[in-house]
Every structure is written in structure tokens, then in C-alpha cells.
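What follows is one structure encoded as C-alpha cells, with my remarks underneath.
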Amino acid sequence: MGLNKKDGGQTTMNETTPEEELQSLKKEVSRLRLEANLRKSLATQLEKQKKVAEDAKAEALTKSQQLEAVSGQLAKYLSPQIYESIFSGKQNVEIKSYRKKLTVFFSDIVNFTNISEKLESEELTALLNFYLNEMSQIALSFGGTIDKYIGDAVMIFFGDPETLGIEEDAHRCVSMAVAMQKRMTELHGYWGKQFGLKEDLEIRIGINTGYCTVGNFGSEDRLDYTVVGGAVNLASRLEGAAPSSSILISEETYLQVGDHFDFKEARELDLKGVGRSVKSYEVLIDDYEIRKILNFSGDSYDLTVRKDQLDEKDIEALKKIIAEL
């Protein structure tokens, strides 16, 4: 009901019929019901979106954990420096290489073929894994990039993917080699106790500094990050020519590290696969000569043996002399 003003200034009542009031109430109820339904629908949608977000977060966490686990496993197949450069995005996984001056290291176990023939496969596996782990820990501590293991042989290089300068890279490489030889000395007696070897393991090392081609080599489906070139080949040949328990470096490396180490007199070598005579230097290691010279003495005998100068004929002659005593 309302008021309605007429022309004469008089006011009259404008009555609302019951039907109109009922219709108005119905509209109000419909509006309230619609609002309630909208609120309910919105709450339902928000709940669904919340559930979707939680599920997505849980799935992302699971995927992240799976990726972390896989990447952790993958890291064992790559040198830490290479792994870091790939997963940080610094390096693309594509066939690509470039020239760079590096210091390349090779080592292997002396007479490993004969040793492997005397051991069962389980013993050989345990021995090799222990040895490679010891050498790898030393390599990583000096910042070396472990290229690969080839049976008992180890290939390492310094100067890529990160470099501290050519001289410092070479210095670290030779320092690493010295640490490895010293570690092998510390392990004297261990090989016999743990693996039944009659003689201690000895390694020889070759090192060269020069320009190499470094990068990813292979196919679109399978890549290997490595270094190739004449400088790599020379390091490998020096390792093959090195005496037992020694470190043989090229003149190129000597020019970088000559002020940091002591050396034996330079030797000219004719190496297979190298088309020129190579000047080489053998690094003097602390206690090196002591380890090479064995002294046996008693009340009625005194024997001095230089292990580095013995060949198979000398050993057989010694055995014959001892057997005839």
C-alpha cells in the first residue's frame, strides 16, 4: 500500500493487492534462492579448484622427486663438471665441439692383464672398483674432469668445462698425479691382504699439454663428451712409455710446471703413432727412489735391488741364484 497525491493537494492511499504482494515475495524468494545457489556453486567450484591444485602440487612433487632420483643416478655417469654445466643450462646437449688448450692425463695398472688372469671375476671387479674409486676421489679433489675409464685405464683432463689458466691447470694435473702415486705407496700391502695379490699394484702415468678438440661427439641419440686430437694421443703414448710407479710428462707440460716440481734428466723418446722425437721428463716423487731400491740384509748377506731397472731376464737370473743357494 502506498500514498498517491492528487491535483487538489489531497493525498490518497495507493493500495497493493494481495496478488501483487505475493508476486513480489516470490521474486524476492527467487532472488535469494539464486544467490544461495550461486554461493553454493562457487564454493563447490572453489573446492574443486583447490583439489585440482593440491593434486597438481602432489604430482609435481612426485615428478620432482623422480627427476631428482634420476638425475642423481645420471650424475654417476658424468663428471661433476659436465653434469653441472648441462643441468645448469650452461651447455646444450648437442653435437658441438671447439678447440682449447688442455692438460690431458692417462694412467693404467702395470701388468693388469696378467693380474686379471689370476683373479676370479668377483675379486677382479672388487679390486678394480676400489682402485678406480681411490683414484677418482683424488682427481675430483684437484678439479680434474674424468673423461672415461677404459678397463683399468683412466683418462682425465684439466681446462674444460672450466679453466684456471693453462699453467694452473697443468700444475693441478701433475699435483694430482703425484698424489695418486703417493696413495698407491700408502696402499702397499693392502692388495695382498684384500685380494691375494703376490705383488702390490703399481701404476704408470703420462701427461701432456696441448690444443685439443673438446665437446660432444657421437650421434643425435647418443653423445659422449670427450677430447680428441694429437695432444691426447701423445699423453696416452707417454703413459705407455712410463716406467712403473712413475709420472712421465711432455716438454709442453714441463714448460708450464717446471718451477713447481723436481725432475729426472730429460729423455728423447720415439713413440709409436707420433711422427717426431718427443722430449719427456720424469717427475721426482717424495720417497720415489726409496721405493725403487729394495735392500735385503742379514748376518751373512747384503742384497740391493733396483726394481725400475729389472727386466724378466734379471728376475729369472735372481730366482736361479736363490734356488741354488
Handout entry: Candidates Glu239, Glu252, filtered to the one that is charged (D, E, K, R) and closer than 19 Å to Asp152 by Cα
Key = Glu239
Problem - Those residues of the range 247-262 which are of a type in the set (D, E, K, R) and without any contact (Cβ under 8 Å) to a residue 40 or more places away in the chain, in sequence order - result: Glu251, Asp259, Asp262
Practice task
Starting from residues that are modelled with pLDDT of 65 or more and of a type outside the set (D, E, K, R), keep the ones in the range 285-303 and report whichever is nearest to the chain's Cα centre (by Cα).
Solution key: Ile285
Problem - Conditions (1) touching a residue at least 60 places away in the same chain (Cβ under 8 Å); (2) out of contact with any His (no Cβ under 8 Å at 6 or more places or on another chain); (3) of a type in the set (Val, Ile, Thr); (4) not in a strand (DSSP E or B); number of the one not met by Val104 - result: (4)
Exercise for the section: Could you list, in sequence order, all residues of the range 116-144 that are modelled with pLDDT of 95 or more and in contact with a Pro (Cβ under 8 Å, 6 or more places away or on another chain)? Expected result: none
Exercise for the section: Filter the range 159-185 for residues that are hydroxyl-bearing (Ser, Thr, Tyr) and either crowded, with 23+ Cβ neighbours inside 10 Å or within 18 Å of Lys101 (Cβ to Cβ) (or both) and give the result. Expected result: Thr163
Problem - Tally of residues being touching a helix residue (DSSP H, G or I) at 6+ places or on another chain (Cβ under 7 Å), touching a residue at least 60 places away in the same chain (Cβ under 8 Å) and farther than 17 Å from Thr209 by Cβ across the range 136-150 - result: 2
Exercise for the section: Taking the options Asp152, Asp160, Asp147, Asp169, name whichever one is touching a Cys at 6+ places or on another chain (Cβ under 9 Å) and either assigned by TED's automatic domain parsing to the domain that holds Lys193 or at pLDDT below 95 (or both). Expected result: Asp160
Exercise for the section: Can you tell me which residue among Ala241, Ala235 is modelled with pLDDT of 95 or more, within 18 Å of Val110 (Cα to Cα) and either buried (at least 17 other Cβ atoms within 10 Å of the Cβ) or of a type outside the set (A, V, I, L, M) (or both)? Expected result: Ala235
Fill in the blank from the handout: Given (1) closer than 30 Å to Ser116 by Cα; (2) in a loop (DSSP other than H, G, I, E, B); (3) modelled with pLDDT of 90 or more, Asp259 misses just (1)
Problem - Qualifying residue in the range 134-142 (condition: over 15 Å from the mean Cα position of the chain (by Cα) and not aromatic (Phe, Trp, Tyr)) - result: no
Exercise for the section: Scan the range 203-220 and give yes if some residue there is outside any strand (DSSP E or B), under 24 Å from the mean Cα position of the chain (by Cα), surrounded by fewer than 19 Cβ atoms within 10 Å (Cβ to Cβ) and of a type outside the set (Asp, Glu), otherwise no. Expected result: yes
Problem - Any hit, the range 178-185, residues being assigned to a loop (DSSP other than H, G, I, E, B) and either of a type in the set (Gly, Ala, Ser) or not assigned by TED's automatic domain parsing to the domain that holds Ala266 (or both) - result: no
Problem - the range 267-284 - residue that is assigned to a loop (DSSP other than H, G, I, E, B) and in contact with a strand residue (DSSP E or B) (Cβ under 7 Å, 6 or more places away or on another chain) and, of those, modelled with the lowest pLDDT - result: Leu271
Handout entry: Test result for Glu117, closer than 23 Å to Ser280 by Cβ and without any contact (Cβ under 8 Å) to a residue 12 or more places away in the chain
Key = no
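The values are calculated or read from the model by the stated rules, or taken from the named source; none is laboratory data. The structure displayed is predicted, hence computed values, not measured ones. Note that we place each Cβ from the backbone using ideal geometry, even for glycine, and neighbour counts take in every protein chain shown.
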